[in-house]
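**Q** Mind having a look at this structure? Questions to follow.
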Amino acid sequence: MRPLANTEVVRLLEEPILKRAFNLLDEMEDEIMQRQIEICQIPAPAFQESLRASYLKQYFSSIGLKNIKIDEKGNLLAEWSTNSLPSLCISAHLDTVFPEGTNCSVRKVGGLYLAPGICDDAAGLAGLSAIATVLTKLEIRTEIPILFAATVGEEALGNLRGVRHLFAENKDKIRYFISLDGAGIEQITNRALGSKRYKIEVEGPGGHSWGDFGMVNPIQALGRAIHKMLGYKPPKHPRTSYNIGIISGGKSVNSIPQKASFEIDLRSISQIALQELEQYMINAIEAGVLEENEHAQFRHSLLQLKINLIGERPSGEISQNSKIVKTAMDATLCLGATPMLECASTDANIPISIGVEAITLGAGGICGSCHTTQEWFNPESRSTSLKRTLLLILALAGMKKSY
């Protein structure tokens, strides 16, 4: 186990005000869980996060955060310990992967809370609110300002639009960035997982399944393309993946469709491997459509192919020797957990890619079946993780000596 190197973390643990803050987090557990339930039950599909933002805006106002606003993209922003220095930004994302109309009611079964989005990222938003509550209630002031951000567009086709806008507007005003996303205490995400997302569309004349048999068929073309794509053997090192998450097309079983499409997600921890996978995918799709055209019995019309890039997330890495990573590891060790450096695709991708010291942390507890309607959350040991986050924030931002 790596020895503690950050004397500031060790010193902070002896501060009476920090001990009071830790006790308050323990006492607030039921309140935090109730807020998490309330947040989860406010639907927030991509591009429809405004109701959640309004709920949190009201809460932030009630506890005394300052300069609260919802920006032009829909991010909720609020400040604590304001001054002219670059800030430490702590964030969680508002949106979920679930479409409009999804039942987000929370059920409790034993020690588990079940609902779509109950962990990702209702847990992060509840943790964000808890940290703000402790700082304001105990009037803990820091040397550099704290910016609280509830961002839009982290999931799916949101394409990180919230955090992109945040850094486009405030790049030189944010010194450190911490994202709370999901559960756990050991993980420290300091590597940004790059990804590309495509929508593949094929269009043809269509026709009757009997009378026009032999006409080019968009669905069959995609089937040929997908079969060819499955021949790709992604490397385990560097880890690389692909997933076809949506496929659609056709109007009836006895009609040759005019249109068909699918959406695919490509990921790799290596930019080179991602580019290789991307080129393989494009070649496979083009070959599949060409093959369908060549096998058609009707030569007067061919399929048209569109390959559309619909999302791209940059990759990057923050060094293990950076202040934010070393301090996060020390804070984790101090609270009895073993830190694990991870690679993932989160809001931190954007600041990491432009050289801002940024990481993503779990907001505590245990979760499972994320991104499904069977998602669950257990708040066990949540307060320990939030103590880690608070300790990290104060070590980076500098706690004023006024207690």
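**Q** Inside region 221-244, can you point out the residues that are closer than 17 Å to Ile200 by Cβ, surrounded by fewer than 18 Cβ atoms within 10 Å (Cβ to Cβ) and touching a strand residue (DSSP E or B) at 6+ places or on another chain (Cβ under 6 Å)?
**A** Within region 221-244, Asn243, Ile244 meet the criteria.
**Q** Checking the condition polar (S, T, N, Q), assigned by TED's automatic domain parsing to the domain that holds Val106 and buried (at least 24 other Cβ atoms within 10 Å of the Cβ), which residue from Thr389, Thr373, Thr384 passes?
**A** Working: Thr373 fails: buried (at least 24 other Cβ atoms within 10 Å of the Cβ); Thr384 fails: buried (at least 24 other Cβ atoms within 10 Å of the Cβ).
The conditions single out Thr389.
**Q** Right, next: Among the candidates Gly162, Gly204, Gly211, which residue alone is surrounded by fewer than 24 Cβ atoms within 10 Å (Cβ to Cβ) and farther than 16 Å from Ile393 by Cβ?
**A** Working: Gly162 fails: surrounded by fewer than 24 Cβ atoms within 10 Å (Cβ to Cβ); Gly204 fails: surrounded by fewer than 24 Cβ atoms within 10 Å (Cβ to Cβ).
Result: Gly211 is the single residue among Gly162, Gly204, Gly211 that is surrounded by fewer than 24 Cβ atoms within 10 Å (Cβ to Cβ) and farther than 16 Å from Ile393 by Cβ.
**Q** Scan (1) assigned to a loop (DSSP other than H, G, I, E, B); (2) of a type outside the set (Ser, Thr, Tyr); (3) closer than 19 Å to Ala395 by Cα; (4) in contact with a strand residue (DSSP E or B) (Cβ under 6 Å, 6 or more places away or on another chain) for the single condition Ile90 breaks and write down its number.
**A** Single failed check for Ile90: (1).
**Q** Can you say whether Leu390 is part of a helix (DSSP H, G or I), touching a residue at least 60 places away in the same chain (Cβ under 8 Å) and at negative phi, as far as the supplied structure shows?
**A** Values: part of a helix (DSSP H, G or I): yes; touching a residue at least 60 places away in the same chain (Cβ under 8 Å): yes; at negative phi: yes.
In short, yes.
Okay, residues lined up against (1) surrounded by 17 or more Cβ atoms within 10 Å (Cβ to Cβ); (2) at pLDDT 95 or above:
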residue: His295; (1), (2): no, no
residue: Phe298; (1), (2): no, no
residue: Gly316; (1), (2): yes, no
residue: Lys323; (1), (2): no, yes
residue: Ile350; (1), (2): yes, yes
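**Q** Considering Lys137, Lys173, Lys69, Lys108, which residue is closer than 16 Å to Ser50 by Cα and of a type in the set (D, E, K, R)? Walk me through how you get there before you give the answer.
**A** Values: Lys137 fails: closer than 16 Å to Ser50 by Cα; Lys173 fails: closer than 16 Å to Ser50 by Cα; Lys108 fails: closer than 16 Å to Ser50 by Cα.
Testing whether each residue is closer than 16 Å to Ser50 by Cα and of a type in the set (D, E, K, R) leaves just Lys69.
**Q** Related question: Being closer than 20 Å to Gly111 by Cα and either part of a strand (DSSP E or B) or among the aromatic types (Phe, Trp, Tyr) (or both) is the filter here; which residues of region 358-387 pass it?
**A** Result: Ile366, Cys367, Gly368, Trp376, Phe377, Asn378.
**Q** What is the residue count in region 118-163 for residues that are under 18 Å from Arg175 (Cα atoms) and of a type in the set (D, E, K, R)?
**A** 2
**Q** Conditions: (1) in a strand (DSSP E or B); (2) free of Cβ contacts under 8 Å to residues at least 24 places away in the same chain. Asn190 meets all but one. Number of the miss?
**A** (2)
The values are calculated or read from the model by the stated rules, or taken from the named source; none is laboratory data. Please read these numbers as outputs of a predicted model, since none were measured by experiment. With ideal geometry, Cβ positions are generated from the backbone for all residues, glycine too; neighbour counts draw on all protein chains shown.
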